[in-house]
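These notes are about the structure you will find just below.
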Amino acid sequence: RRDEFLLSTKVGETFEDGKSTYDFSQGAVHKSIVKSLQRLQTDVLDLVFVHSSRDDVYVVEQTVVVPTLQALRDKGLIRAIGFSGYTNSGFRAALPWADAIMVEYHQEHRGHEELITEAAAKQVAVLVKKSLRSGTLGPAAAIAFALSNSSVTSLVLGSLNLDHVRECLRIAQRVRGKT
């Protein structure tokens, strides 16, 4: 059933023993991709995001993460490359090579609105993270807000509760006019 799903992951950050560490080196990125391929039992990842350390421009322009991912794409291990960051300057630095960006966007965080429109105009997919503001916003209004922006491609919604995920999916389908 592999062709029914789009598999996405991130590289750059590891979280162990309650602590985040960042490594954008060629070896770390390659190791992360290989581990993801093994864990997901597939031979190709559809979309791999660079998970920024908040120093977005540095990560994009001064590390080897982007050329490493491009080489892995050329080898057929990944299909598309994205950037999950924090700053408009970082996202703009990524737009020339990114197939997708992942931005925080909700009623209380609209600072990326212009960038979202700019990315979509450049045919870069826009995925919204934290549309529920880590669970503090009501799903109906928050999902409707994010998806009412026609430049938003999709939302990333997470939950530990399957019923909550189903509810969010129903809301999203209603907003986008799908049954």
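The values are calculated or read from the model by the stated rules, or taken from the named source; none is laboratory data. Because the structure is a prediction, the values reported are computed rather than measured. Neighbour counts are summed over all protein chains in view; Cβ atoms, including those assigned to glycine, are modelled from backbone coordinates with ideal geometry. Please note that ligands, DNA and RNA were not included when accessible areas were found on the heavy atoms of the full protein model with its side chains. Shrake-Rupley method; radii C 1.70, N 1.55, O 1.52, S 1.80 Å.
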Open item on the list: Are there strands (runs of 3 or more DSSP E) fully within the stretch 1-120 with at least 1 residues that are of a type in the set (Gly, Ala, Ser) and open to solvent by less than 40 Å² (accessible area, probe 1.4 Å)? List them.
Closed with: 78-84, 100-104
- [ ] Starting from the stretch 87-100, take each residue that is polar (S, T, N, Q) and list its partners that are in a loop (DSSP other than H, G, I, E, B), counting only C-beta distances under 7 angstrom and pairs at least six apart or across chains.
- [x] Asn88/His112
TODO: Identify the single condition in (1) at pLDDT below 95; (2) crowded, with 18+ Cβ neighbours inside 10 Å; (3) touching a strand residue (DSSP E or B) at 6+ places or on another chain (Cβ under 7 Å); (4) over 23 Å from Val44 (Cα atoms) that Arg133 does not satisfy, given that it satisfies every other one.
DONE: (2)
Open item on the list: Ile78 - would you say it is in contact with an Asp or Glu (Cβ under 9 Å, 6 or more places away or on another chain) and of a type outside the set (Ser, Thr, Tyr)?
Closed with: yes
Task: Number of the exception - Gln123 against (1) modelled with pLDDT of 95 or more; (2) among the polar types (S, T, N, Q); (3) open to solvent by less than 60 Å² (accessible area, probe 1.4 Å) - done: (3)
